[in-house]
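The block underneath contains the structure these notes are about, expressed in C-alpha cells.
Nothing in this text is a laboratory measurement; each read-out follows from the coordinates by a stated rule. Quantities reported herein were computed from a predicted structural model and do not represent experimental measurements. Note that each Cβ is placed from the backbone with ideal geometry, even for glycine, and that neighbours are counted across all protein chains shown.
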Amino acid sequence: MHRKDPWIVQKANKFLERFCEPYLLESIQGDLEERYYENQSLKGKRIAKWIYLFQSLGFLRSRFKKRKKYSNFEAMFKNYFTATIRNLTKNKFYASINIFGLAIGMAAGFMILQYVYHELTYDDFHENKENIYRVQTNRYNAGELTTQWAAGAAGAGYHLHENFPEVVDFVNLHGSGVGISYENKYFELESPYYARENFFQVFSIPLIQGVDSLVLKGLYKVVLSESLAKKIFGDENPVGKTILQNDHRDFLVTGVYKDFPKRSHMNFDLLYSFDTYIALSSEEARTEWNWDGFLNYVVLQDGTDPEEFSSKFDQMIQEKVGEEMEQFNAGIEFVLQPLTKIHLISNYRAEIKPTGDETTTYFLLIIGMFVLFIAWINYINLTTARSLSRAKEVGIRKVMGSYRSHLIGQFMFESFFINLIAFSLAALIVFLVFPAFNNFVGNSSAYSWPDAPFFWIGLTAIFFLGILLSGFYPAFVLSNFKPIAVLKGRFAASSSGNILRKSLVTFQFLASVVLITGTFAVYKQMDYLQAQDLGVNIDQNMIIRSPNFRSDSVRNIKDPIFKNRLSNNSSIKGQTRSTAVPGRSADWNAGGIRLITQTDAESNQYRVLGADDQFMDFYGLEVIAGRKFDQSFGAEHENVLFNEEAVAKLGFREIEEALNKKIFFWGDTFNIVGVVKNYRHESPKQAYDAMIFRYMETPNGYYSVNINTENMRESVDQIQADWEAAFGNKIFDFFFLDDYYNEQYESEVKFGSIFGLFAVLAILVACLGLFGLASFITSLRSKEVGVRKVLGASMQQLLVLLTGDFVKLVAISILIAAPISWWLLQNWLDSFDNRISLGVMVFAIPAITIILIAVVTVAFHTFKTARLNPADTLHDE
Amino acid sequence: MKGTNLGELEELIMLSVGILYDEAYGIAIQNEIKERCNRSITISTVHSVLGRLEDKGFISARYGGATPERGGRRKRLFTLTSSGEATITKMRKMRNNMWDSIPKVALGNA
C-alpha cells in the first residue's frame, strides 16, 4: 500500500480481508478504492470514507464469504459418524447384541468396582491414618498358635509407648456390656466402650460439643454419639446432664460426637473415660499382660517402618514376661495392623464389629473384571467376524484414497461410539438396580456412591481402556484388507483371525465355566454345612440376654423368681441358663489348665462355658461317659464336664480315662465327672473346640427357653410379663437361636449369592456373544447348507455340522477350566475345617450345563438356517 | 442453480459487459448502468450479480492491469462467453419476436 488510508478505510479493508473469498478480494477492494478516490474529490474525504465503509459492508453476503478451508478432520469425523450410524442401523441385530452385552458387562463391572472400592477404603478418613496401627495379639501354647485376638492386654499399648520412642501416643479401649438409663428409661447399646482420654485427638471423629482433649479426661465422663444423644435427650442439650450406668453409677455427659462413618471398623454409640475403668478396677489394669480384653492402638512417629519396628517387640516381651511365659510353655506376639487395613485383613476374636474379607473382595474384583473382559471379547469377536461383510467397504475406501490410519480411526471411532452408548446404558442399569444390589449384598454395607475422585478417574480409565482393547484389534484387522483382493471378491477370513477368534471364545467360556463351577461348589458347601448334624438342638429356642446387675447377690435373689415363673408358664417346655449359647464361640477362653499331676508347662487353653444342670438336656447334648450335672449330688460347683476334644487335649486316648480326674484351673481344683460328645457349638465351618463345662447356679449370660410355637406372639408376651415381674424395667432383649446360629453363615451365603449373580451375568454376556457369533457364521454358511440339503443331508446331520465347531470350543474351555477351578476351589475350601470334597460331579454338572446352554444358543440359529429352503439360499448362484 | 434463465438485472449487467468489451469491471459496469438506465446499484450488488453470471457460465473473468487509483490493485475484467452471447441473443430474438407479434391496435398511439 503506497499511502496511508484513513482509519475507517483501514478497518473496512481489514473486515473485507477477513470475510471475503481471497480470489475476489483484490478486485473488490480495487473497485471500492477507485470509487473512494473519485468520491474523495467529489464529496470530500470525510464522506468518502463513510461511503467506503457502507459499501464494503454491502459485501456481507454469502456469495463473497470466504469458503472455510477444507477441514480434513471435521470431514473425516462426520464421515466416521455417518458410517457408524449407518452400520449400526443396517445391522440392528448385531449392534444390539454388542451394545447390550457391553452394557451388562459394564454395569456388573461398575457395581463390583463400587463394592470393592467400598471395602478397600475403610478408615481412610482418619487424618493420621498412615501412622496409626492396631496392636493385634497372638497367643501361643507349646509353640502352637492358639488364639488370635483383635484385642490384647491393656499393657500392650502402655508398654510399647513406654519403651519405644517410635510410639508417639497410644489409645486403649475396653468394651463394657452394661446398659444405661436416663430418667428411668433404659437404652440398649450396640457397643459401649471405655476409651483413653486422647481418643478424639488420635482418631478423626469430630466432636459436635466438647473439647477433644477434655471430654474423656477424668472420672465418670461419657461422650455420646449424635444419634444416641438424640435418642436419649431428643432436642435437649445433653452436655452437663447425667446418665446412669448399670443402675447405680452416674456419668456426666461431656460431649457429643458425629456418628462414625459407615466405612469404619469402629462404631461406638458412647465412650466412657478410661480413667473411670481404672478407678473401678485397679491401677495395675493399665499395665497388666494377661487379659486380652483391650483394644490397643499406637501412633508411630512419622517415617517409622512398622516391620522393622515390630522386630524389636520380642525382646521387650522377653524382658517383661519371659519367665512367666516359659513357665506355662506359652508365647505372646504383637502384630501391628495398619488402621486402614483392619477391616479387610482382620477377623479375630473381640473385633468391634464384623469385618470384611480380603479374599472375597479380591475374588469379586476378579469376577467383575471377568465379566468386563467377556463383554469386550464379544465386541472383538463379533466385529472381526463380521469383517467379511465389511471388507468391500474397506476396499472401496482404500481405492478412494483412504490411508490405513483413516480406517483405523474409523473403526476406533465405531468402538468409541458403541462403548459410549453401552456406557450410558450401563449407567442407567446401575442407577436402576443399585438400591436392590445394595440390599442384596447385605445390611452391613449400606453404602452410597463413592465420593473420591480417584474412583471416577479409575472408572473413566477403564472405559477408555475398554475402547482401546475392544476396538484396536478389529480396527487393525479390518484396515489390513488388500483392496484388490477384496473388491475382486477373492476374500476369505484369514486363518490367524480365526484362531484368535476361537481362542477368545474359548477364553470366554473358560471364564464362564470357572464361575459356574465356583458358584455350584459354593452352594454345595453351604448346603453341606447347613445339612450337618450339629449334635445340638437349636430349633424353637428363644434366647434372652441376662440383665445387668450391680452385684451377683442381686442376681442370686432375682434369678430364681424368673426361673420359677417360667416353670409355671404353660407355653414353655424347658429352660436353661448359661454363659454362652451355641452359635458363637464361648468367649471365656481360659489358659493354664492342666491335670493336677501335670506341670505348668503342660497346661493348655480351653473354652469354658458355665451352665446350670438343665443345659445338657435342654440342648440335647449327649454325655457319653460319666454323668451330667445333677444338683442332687451336692457340691456340684466343684465338678466339670469335658467334651471329647478337650479330653484329647488333656492327653487321654480313651474318654473313660478322664473320669474322676482332678484338674487345676486358676488356683482351684475341679473334678471331671463326665464327657460330652462333640457337637457343633460354633458353626460347622470350624473344627470342634476343646470345651469345658462348669457348673453354675446362676450364670450370667443367657436364658434359653424352649417355647411353644403354636402361638408365638402370645408366648413371647407371656415370657415378657414373667421377665418384668422378676426384673422390673430391665431391658428385655431376646432373639431366636436358629437365626443367631445362621448368622454365622451370613458372609458365606452373601458371598455365594454375589458370586452366583455375577456368574449368571458373565454367562449371559458370553452366551449373548456366542448367539451373535453363531448367527453370523451360520448365515455365512447358508449356501453350504443349501447345497448339502440338495445333496440329501438330513436336518440332524446339518445341526451336528453347524454346532460341532462351537461345541468343540466349549469342550476345550471346559477341559482347561477344570484344573483352574479345582485349584481355586481347593484354596477356598481350605478355609473351612469342615468341608465337602471335590468330586467329579462338582465339575461335571456345570460342564454339562454350559454345553447345553451353548448348544441351545447355537442350535437356535443353526436350526433356522438349516430349515431354509435351498431354493432361496442358492437362487442367486 | 435455476438453469439458464436470466433475471432483469442480470440481463442489464450482461449487456453492459458486452458494451464495455474488454473494459468491463465492477465500477465501469456500475457507471454504465447509472448512465444508461439511471439506476444506482451498489457495488456489492454488481459483484454479486457478476459472480452469479460467472457461475452460470455466461461471462468469464481475467485479471487486468493495475491502476494507481485502485491502490495498485488489479481489475477483474469480464467478457461474454459464447454461451452468454447465445443467451442474450436468444433473449433479444425472443423479445423481438414478441414485439412483432403485438397487434398495432394494442399499442394505441405508439
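For this structure, a couple of remarks:
- Restricting attention to segment A:836-877, the residues that are assigned to a loop (DSSP other than H, G, I, E, B) and not charged (D, E, K, R) total 7.
- Number of the condition not met by A:ILE85 [criteria: (1) under 27 Å from A:ALA426 (Cα atoms); (2) in contact with a Leu (Cβ under 9 Å, 6 or more places away or on another chain); (3) aliphatic (A, V, I, L, M)]: (2)
- Segments classed as helices (runs of 4 or more DSSP H), wholly inside segment A:339-437, with at least 3 members that are under 29 Å from A:GLY756 (Cα atoms), in contact with a helix residue (DSSP H, G or I) (Cβ under 7 Å, 6 or more places away or on another chain) and in contact (Cβ under 8 Å) with a residue 40 or more places away in the chain: A:358-385
- Evaluation of A:THR576 against (1) assigned to a loop (DSSP other than H, G, I, E, B); (2) surrounded by 19 or more Cβ atoms within 10 Å (Cβ to Cβ) (one fails), failing number: (1)
One line per residue, one yes/no per condition, for (1) within 21 Å of B:THR67 (Cβ to Cβ); (2) of a type in the set (D, E, K, R); (3) out of contact with any His (no Cβ under 8 Å at 6 or more places or on another chain); (4) buried (at least 19 other Cβ atoms within 10 Å of the Cβ):
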position	(1), (2), (3), (4)
A:GLN29	yes, no, yes, yes
A:GLU33	yes, yes, yes, yes
A:TYR36	yes, no, yes, yes
A:LEU42	yes, no, yes, no
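- Residue satisfying all of: in segment B:45-91; within 8 Å of another protein chain (Cβ to nearest Cβ) and among the polar types (S, T, N, Q); farthest from B:LEU6 (Cα to Cα) among these: B:THR67
- Options A:ILE836, A:ILE850, A:ILE812, A:ILE820: the member that is surrounded by fewer than 16 Cβ atoms within 10 Å (Cβ to Cβ) and touching a helix residue (DSSP H, G or I) at 6+ places or on another chain (Cβ under 7 Å): A:ILE820
- Where helices (runs of 4 or more DSSP H) sit wholly within segment A:186-290, those with at least 3 residues that are touching a residue at least 60 places away in the same chain (Cβ under 8 Å) occupy A:274-280.
- In this structure, A:ASP5 does satisfy being surrounded by 14 or more Cβ atoms within 10 Å (Cβ to Cβ), within 13 Å of chain B (Cβ to nearest Cβ), acidic (Asp, Glu) and part of a loop (DSSP other than H, G, I, E, B).
- Complete set of residues in segment B:18-32 that are of a type in the set (A, V, I, L, M), surrounded by 19 or more Cβ atoms within 10 Å (Cβ to Cβ) and either away from every other protein chain (no Cβ under 14 Å) or under 20 Å from A:TYR52 (Cβ atoms) (or both): B:ILE27, B:ALA28, B:ILE29
- Which listed residue, of A:PHE59, A:PHE77, is touching a strand residue (DSSP E or B) at 6+ places or on another chain (Cβ under 9 Å) and in contact (Cβ under 8 Å) with a residue 12 or more places away in the chain: A:PHE59
- Of the residues making up segment B:94-105, not a single one is at positive phi, exposed (fewer than 12 other Cβ atoms within 10 Å of the Cβ) and more than 14 Å from chain A (Cβ to nearest Cβ).
- Qualifying residue in segment A:789-809 (condition: among the aliphatic types (A, V, I, L, M) and in a loop (DSSP other than H, G, I, E, B)): yes
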